[in-house]
Amino acid sequence: MIWHSLRRNRLGMLGLVLLGGIVLMAVFANWLAPYDPSKLTGQPFESPSAAHWLGTNDIGQDIFSELIYGARVSLLIGVLAAAIAIVIGTTVGLLAGYRQGPLGAGLMRLVDVVLVIPFLPLMVLLAAYLGQSIWNLVIVIGLLIWARPARVIRSQVLSLTERDYVLASRVVGAKDNRILVRAILPGVLSLALAQFVLAASGTILLEASLSFLGLGDPTQKSWGTILFYAQARNAFLTGAWLWWVLPTGLMITLTVVGFALIGFAMEEALNPRLKASRAIAVSSKPAPKKQSNPGRATDTAPSEPLTSTVRTTPSSGRVDKIGAE
Amino acid sequence: MTGFFVGKLGQYALVLWVAVTLNFFLPRMMPGNPLALLAGEEVNLLTPEQRQEMMARVGLDQPLPVQYVNYLVNIVRGDFGYSYQKNKPITTILLDRLPWTLLLTGTSLLISTVLGVTLGALAAWKRGGRRDVSLLGGFIFLESLPAFWVGMLLVALFAVQWQIFPTYGAMTPWATMAPDERLVDILRHLALPLTTLTIVSISGTFLVARYSMLAVLGDEYINVARAKGLKERTILFRHALRNALLPIATVFTLNLAFAVGGATVVETVFSYPGVGRLTYEAVLNRDYPVLQASFLMITIVVVAANIVADMLYPLLDPRVRAGQARTSGGG
């Protein structure tokens, strides 16, 4: 049993190591990079050499330095966009799950609409209108990917609403807003964190795609922007793909994998639907006894595992939980 | 039954309305001259009279509500506007491009669904087992690959280095070929973009298939089947999969939006003449009307595919036939 959970954690640990390395690279970029990536430090299209480990790009900038500084731009956009998405998603999920009247129904309608709209073409359209800047990318990405997290949060809220401690706080006369903030919000926070990590793996990829399509900021190159220039200059038709295209895409992949592995490890531990169905493969830990003292109920909410005693089936036939991106 | 569809159709109508309305307001609300956004920067070189005439042609000389109604009417008629950069009606451009995108995304979705569902079911059988962990890890990796990067590597290796497949396009231009040769030619051009798109979109299906199989495998009847000593394959694919199909079908439609996005960058890498490549060209040339129309076109295709999938649900799952009323709530 322990062996099984260790294996699952091992993927999560791998993610932490990967991401840790990349974050360090971004933080210490000015120490690690041999050149200022915006300066012309060589001839155009140089092959790798002792002076330029990954050669130079089409105008003679050092690709290795671009790669290191690119970590800053890519991580910044990805993390901020994911943060925006999770703040919106959590708010919508909380309201939609807790207020089941017209407000809740309306919000879920909105979620459904956002889920159907093909997000990448819309992002491209909006980013093209707004102009090339990293802030525009943050906004455009963040505003269009909150719907899936919102759904996940809502299912969690729906199950929390029926818990004893929530009912208890209602019985003692707590107001709706108080219940929402003091009793339910703490119960979804760790799930929201897992969703944030998963969303970040998606936003890093989306940023790369948008920048690759020519919507990135040319003065602050992300990895996607580096590849946009590689594509525009046909680097993959020459030998240059080996040092220009390959390492850059690898950095994107490793970052996305890092976020995804951590997010998955968190989600597997938190998702009530999975936990309940695990009886065959892994017997789950006994659920801790819930607090029945209404006076203290709200205080214990955050520490209580989300997963212990949750109804497993949503009432409709659709999946509320769509897994990762 | 009808309630279900009315609810769904209402939702799709809403999606289309949102897309059209966004398209209408974007150029008119953005800072800058809407005429320049719709007809190109060259309008700044025109004389006032010419510009006035241009305003009238684009329809910008009328009050906003009238413009809006005209815009809606035109869209319904299938008139998506005019690209002054390409000097063609956009509808014509789109109809040239759409078949290629449908071919690419359609085939890719089909392959990734069949493969993803099979592997997802196999992984779910022993949760946490060696097969499950390696498949899960493998698919998390695949999902993390940037589509355009995979495409660039495939071109560099299979088209440039080893010259097995063509480097760009959907078919050899200016060549006269017999129909069967032409078919082979098209398939050869399709191979690399298809592989790329499938690699990056398969894991969505895999993950959901795995999740929903996990949920189903906990049910009593599966234990009964196990107790009867049925083979793994029989339990998985004859008993469990059938009940896990509905969530998978839902995800199929959600993946559509994803695949379409992937197609945009994949088509760009391979210069594949679909709507996605058109989007890229429009970004580079700041051809906003084309950009808008591409977005609208893709939305229409996605909505249409959703409607088809909704009509297929009841065939997939008898529970939907019995309990349509419950699903109509939109939750």
Only unsatisfied item for A:G60, checking (1) modelled with pLDDT of 90 or more; (2) outside any helix (DSSP H, G or I); (3) not polar (S, T, N, Q), is (1)
Could you list, ordered by first residue, the pairs with Cβ atoms under 9 Å in which the first is in segment B:95-120 and over 16 Å from B:L135 (Cβ atoms) and the second is among the small types (G, A, S) and surrounded by fewer than 15 Cβ atoms within 10 Å (Cβ to Cβ), at least 6 apart or interchain? none
For the condition within 18 Å of the chain's Cα centre (by Cα), open to solvent by less than 60 Å² (accessible area, probe 1.4 Å), in contact (Cβ under 8 Å) with a residue 60 or more places away in the chain and closer than 30 Å to A:Q231 by Cβ, what is the one hit in A:L54, A:L18? A:L18
Starting from segment A:210-226, keep only residues that are away from chain B (no Cβ under 12 Å) and under 16 Å from A:A127 (Cα atoms), then list their pairs with residues that are of a type in the set (S, T, Y) and open to solvent by 10 Å² or more (accessible area, probe 1.4 Å) whose Cβ atoms are within a distance under 7 Å, requiring at least 6 positions of separation or different chains. A:D217/A:S133
May I ask you to verify whether B:A191 is open to solvent by less than 20 Å² (accessible area, probe 1.4 Å), touching a residue at least 12 places away in the same chain (Cβ under 8 Å) and part of a helix (DSSP H, G or I)? no
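Residue-wise test of (1) more than 7 Å from every other protein chain (Cβ to nearest Cβ); (2) open to solvent by 10 Å² or more (accessible area, probe 1.4 Å); (3) assigned to a helix (DSSP H, G or I).
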{"residue": "A:V114", "(1), (2), (3)": "yes, yes, yes"}
{"residue": "A:L120", "(1), (2), (3)": "no, no, yes"}
{"residue": "A:A128", "(1), (2), (3)": "no, no, yes"}
{"residue": "A:N136", "(1), (2), (3)": "yes, yes, yes"}
{"residue": "A:R148", "(1), (2), (3)": "yes, yes, yes"}
{"residue": "A:V152", "(1), (2), (3)": "yes, yes, yes"}
{"residue": "A:V157", "(1), (2), (3)": "yes, no, yes"}
Is at least one residue of segment B:74-82 within 23 Å of B:T196 (Cβ to Cβ), away from chain A (no Cβ under 14 Å) and touching a residue at least 12 places away in the same chain (Cβ under 8 Å)? no
Answer yes if at least one residue in segment B:205-216 is more than 30 Å from B:L241 (Cα to Cα), surrounded by 21 or more Cβ atoms within 10 Å (Cβ to Cβ) and not aliphatic (A, V, I, L, M), and no otherwise. no
Scan (1) open to solvent by 40 Å² or more (accessible area, probe 1.4 Å); (2) assigned to a helix (DSSP H, G or I); (3) touching a residue at least 40 places away in the same chain (Cβ under 8 Å) for the single condition A:S47 breaks and write down its number. (2)
Pull up segment A:232-242, narrow it to residues that are surrounded by fewer than 21 Cβ atoms within 10 Å (Cβ to Cβ) and not in a loop (DSSP other than H, G, I, E, B), then point me to the one that is nearest to the other protein chains (Cβ to nearest Cβ). A:L237
From the list B:T176, B:T167, pick out the single residue that is of a type in the set (V, I, T), surrounded by fewer than 22 Cβ atoms within 10 Å (Cβ to Cβ) and away from chain A (no Cβ under 12 Å). B:T176
State whether the residues of segment B:150-160 include one that is free of Cβ contacts under 8 Å to residues at least 40 places away in the same chain, more than 12 Å from chain A (Cβ to nearest Cβ) and part of a helix (DSSP H, G or I). no
Qualifying position, being open to solvent by 70 Å² or more (accessible area, probe 1.4 Å), assigned to a helix (DSSP H, G or I) and either over 20 Å from B:V266 (Cα atoms) or within 14 Å of chain A (Cβ to nearest Cβ) (or both), among B:L119, B:L183: B:L183
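Quick grid of which residues meet (1) in contact (Cβ under 8 Å) with a residue 60 or more places away in the chain; (2) under 25 Å from B:Y71 (Cβ atoms); (3) facing another protein chain (nearest Cβ under 9 Å):
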{"residue": "B:N255", "(1), (2), (3)": "yes, no, no"}
{"residue": "B:T264", "(1), (2), (3)": "no, yes, yes"}
{"residue": "B:F270", "(1), (2), (3)": "yes, no, no"}
{"residue": "B:Y288", "(1), (2), (3)": "yes, yes, yes"}
{"residue": "B:A293", "(1), (2), (3)": "yes, yes, no"}
{"residue": "B:N306", "(1), (2), (3)": "yes, yes, yes"}
Residues in segment B:123-130: is at least one open to solvent by 70 Å² or more (accessible area, probe 1.4 Å), basic (K, R) and touching an Asp or Glu at 6+ places or on another chain (Cβ under 7 Å)? yes
Got at least one residue in segment B:96-109 being within 12 Å of chain A (Cβ to nearest Cβ) and either within 30 Å of A:F228 (Cβ to Cβ) or touching a strand residue (DSSP E or B) at 6+ places or on another chain (Cβ under 7 Å) (or both)? yes
Here's a check for you: in segment A:243-256, which residue that is within 8 Å of another protein chain (Cβ to nearest Cβ) and either in contact with a strand residue (DSSP E or B) (Cβ under 9 Å, 6 or more places away or on another chain) or without any contact (Cβ under 8 Å) to a residue 24 or more places away in the chain (or both) is nearest to A:T56 (Cα to Cα)? A:V245
In segment B:81-89, is there at least one residue being part of a helix (DSSP H, G or I), surrounded by 13 or more Cβ atoms within 10 Å (Cβ to Cβ) and in contact with a helix residue (DSSP H, G or I) (Cβ under 8 Å, 6 or more places away or on another chain)? no
Could you check, for segment B:241-261, whether at least one of its residues is charged (D, E, K, R) and outside any helix (DSSP H, G or I)? no
Restricting to segment B:225-270, and then to whatever is aromatic (F, W, Y) and at pLDDT 80 or above, can you tell me which residue is most open to solvent (accessible area, probe 1.4 Å)? B:F237
Select from segment B:136-147 the residues that are in a helix (DSSP H, G or I) and in contact with a Gly (Cβ under 8 Å, 6 or more places away or on another chain) and write down the one among them that is surrounded by the fewest Cβ atoms within 10 Å (Cβ to Cβ). B:E143
Suppose we filter A:A96, A:A105, A:A128 for residues that are closer than 30 Å to B:V20 by Cβ, among the small types (G, A, S) and within 23 Å of the chain's Cα centre (by Cα); which single one remains? A:A96
Does B:G129 count as under 20 Å from B:V200 (Cα atoms) and within 14 Å of chain A (Cβ to nearest Cβ)? no
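The values are calculated or read from the model by the stated rules, or taken from the named source; none is laboratory data. Since this is a predicted model, take the numbers as computed values, not measurements. Glycine gets a Cβ as well: all are built from the backbone with ideal geometry, and neighbour counts include every protein chain shown. Areas reflect the complete protein model, heavy atoms only, side chains present, ligands, DNA and RNA absent. Shrake-Rupley method; radii C 1.70, N 1.55, O 1.52, S 1.80 Å.
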